[in-house]
Amino acid sequence: MKPSDPSSDIHHTRSAKGKAGSSIKLFLVMWIVLIALGVVGTYYYSNHLQQQMINQLQAHNQQQIAALKTDYENQLTTISKEVEDLQGQVQSFNELLTFTKDNASDKTDNSNKLYTQLSEVKKQLETLQKKMDLLK
C-alpha cells in the first residue's frame, strides 16, 4: 500500500464534498428558520402594540365621555333650577296680577306694570327653555 493511493483520495474528496453540501444546506435551513421566526415575532409584536393602542384609546374615550356626561348633567341641573325659579316668579306674578285685577279701580292702572314684568319673565323662561332643548 502506498501512502497516496488514488482510490483513497477519491473517497476522501467525495466525503468532503458531501460534508460541505450538507453544511450549506443546514446553513440555509437555519437562515430560513431564523427569518421565519423574525417574521412571526414581528407579527405578534405588532398585534400586541395594536391591542395596547386600542385599549388606551378606549380608556381615553371613556374618560372624555364621562367628563362630557357630568358637564351636561351639571348644565341641565343649573338650567332646571333656573326654570323652577322663573316658574315660581311667574306664579307669584300671576297671583299678584289676579289680586290687583280684583282690587283695581278706574283711577289706578298698575296692571300694565305687572303685565310688563310678566312678559319679561316669560321671555326669560322661553330663552331658558330653548337652552334646555338645545342641551337635550
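Quick notes on this one:
- Residue-normalised accessible area of segment 37-108, given per residue in Å² at a 1.4 Å probe: 84 Å²
- In order through segment 32-49: 3J(HN,Hα) via Karplus (6.51 cos²θ - 1.76 cosθ + 1.60), integer Hz, x for Gly, Pro: 5, 5, 5, 5, 4, 4, x, 5, 5, x, 5, 4, 5, 5, 5, 5, 4, 5
- Net length available on complete extension from Glu126 to His48 is 22.6 nm, with 0.36 nm assigned per residue and the Cα-Cα distance removed.
- Distance between modelled label sites at Asp133 and Ile79, nm, 7 Å Cα→Cβ extension: 1.1 nm
- Placing a pseudo-label 7 Å from each Cα along the Cα-to-Cβ vector at Gln87 and Ser23 gives an inter-label distance of 9.5 nm.
- With θ taken as phi - 60° and the Karplus curve 6.51 cos²θ - 1.76 cosθ + 1.60 applied, the whole-hertz 3J(HN,Hα) list for segment 65-79 is 5, 5, 5, 5, 5, 5, 4, 4, 5, 5, 5, 5, 5, 4, 5 Hz, x standing for glycine and proline.
The values are calculated or read from the model by the stated rules, or taken from the named source; none is laboratory data. Predicted model only: the values in this text are computed from it and were never measured. Glycine also receives a Cβ, built like all others from the backbone with ideal geometry; neighbour counts cover every protein chain displayed. These area figures cover heavy atoms from the full protein model, side chains too; ligands, DNA and RNA do not enter into them. Shrake-Rupley method; radii C 1.70, N 1.55, O 1.52, S 1.80 Å.
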